[in-house]
Amino acid sequence: MATHEAPTTSSTPFLVDEELRQRQEEHRSSAFRQRVERMLSPITDHQDSLPSIFFGLLFVTVCGSLLGLLMPKNESLPTPFYRIISSMIGYTCFVAWGVSFYPQVINNLKRRTTLGLSADFCGLNVLGFACYAIYNLSLFYSAEVQKEYREQHDGAPITVQSNDVAFAMHSFVLASITFLQIVYFDGLRSQQQPSRIILYFIAVVSVLAVAYPLLQLVGMKFGTWLQYLYMLSFVKILVTLTKYIPQVILNLRRKSTIGFSIWQILLDLNGGVLNDLQLVLDSMDMKDWAGITGNPAKLCLGIISIIFDIIFIVQHYWLYRNTNDTDLDELIMDPFTTGNNYDAIAENEGEAEDECE
């Protein structure tokens, strides 16, 4: 019997050690996975907890700073060291604003609906970023436009940078995808149809935006190309000033922000602050405030975004916090439903089921 007991007793510590090692590996793997999930929380976490917000924004800042170190610098800035700082700020702004579109797109994909998201907001977003993309592309690449700019601003350098161009193009594509999701998932049903006044506004601006350059090309001059671009930039400012209002009203009527991703607002706020910070610091480094007066679209975009982002944050974390915590997706079915009308929702669902039977 003794010869059979010896292997058993000697193998027990080995089994214990092996189990302990496996648990430690699982713990390390779980901890690593949690850190990765927190860093990617802007596009993976809809709970928007405080640790997720901290690590998510930190990761965005690190990525933007590294991108700014690698990308070409603005040679118009006189201070070599500040060129690096400006590039880091600009591309962190680009990453924050660029990533801000993805939480809503992913949220729509997960829920297979866009109810709770204003169609007016999305339609205006597409128009605004189309104008802003043309504005930035022209100022950055067109020699004729650059010449007109310097003549009008006493030779001052243009403050539009490569990150502005990249942001405008990327934003236009993502805004278009979000609007197409409304069409695909909900077919522009009554709750998701853009209002007529918004459709008329988009149609008029689109016609003017296309007609002006065509008339210029056939020899009918109505001004300079720079004036045309400033017109587009003011359209973008007007759109930014008004596009958030339908979403604010929709949240007020529903007494909830369910269906509208708060992560896009947190990232948008981060980008707005950095956007204006870069513009002011660039002008200080060049000792010429024409960088601000000559690029009003960039300054106003940041200020307007910050104001409305604060409104959305108040709605999400203060006014409708209790409603959002219930995670009642039934709220999104009717934008005019109040936050406490849960019984009416249940009755409507029951009547619909009876009719189907």
Subset tally (residues that are among the β-branched types (Val, Ile, Thr) and over 11 Å from Asn163 (Cα atoms)) for the range 84-99: 3
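From Phe172, Phe179, which residue is farther than 29 Å from Leu69 by Cα and under 23 Å from the mean Cα position of the chain (by Cα)?
Exactly one of Phe172, Phe179 is farther than 29 Å from Leu69 by Cα and under 23 Å from the mean Cα position of the chain (by Cα), namely Phe179.
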Test: residue in the range 248-267 that is buried (at least 17 other Cβ atoms within 10 Å of the Cβ), under 20 Å from Ser87 (Cβ atoms) and not aromatic (Phe, Trp, Tyr): yes
Any hit, the range 296-311, residues being at pLDDT 75 or above and out of contact with any helix residue (DSSP H, G or I) (no Cβ under 7 Å at 6 or more places or on another chain): yes
Residue under evaluation Tyr244, criteria (1) part of a helix (DSSP H, G or I); (2) in contact with a Gly (Cβ under 7 Å, 6 or more places away or on another chain); (3) of a type in the set (Phe, Trp, Tyr), criterion not met: (2)
Filter result (at pLDDT 80 or above and either of a type in the set (D, E, K, R) or touching a Cys at 6+ places or on another chain (Cβ under 7 Å) (or both)) within the range 145-160: Lys147, Glu148, Arg150, Glu151
Residue count, the range 89-104 (criterion: surrounded by fewer than 23 Cβ atoms within 10 Å (Cβ to Cβ) and small (Gly, Ala, Ser)): 1
So Ser261, is it outside any loop (DSSP other than H, G, I, E, B) and within 23 Å of the chain's Cα centre (by Cα): no
Single match in Leu226, Leu299 (criterion: assigned to a helix (DSSP H, G or I), more than 28 Å from Tyr320 (Cβ to Cβ), touching an Asp or Glu at 6+ places or on another chain (Cβ under 7 Å) and in contact (Cβ under 8 Å) with a residue 24 or more places away in the chain): Leu226
Yes/no for Asn107 being crowded, with 19+ Cβ neighbours inside 10 Å, out of contact with any Leu (no Cβ under 8 Å at 6 or more places or on another chain), touching a residue at least 24 places away in the same chain (Cβ under 8 Å) and over 25 Å from Asp288 (Cα atoms): yes
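The values are calculated or read from the model by the stated rules, or taken from the named source; none is laboratory data. Quick caveat, the model's predicted, so the values are computed rather than measured. Here Cβ is always computed from backbone atoms with ideal geometry, including for glycine, and neighbour counts include all displayed protein chains.
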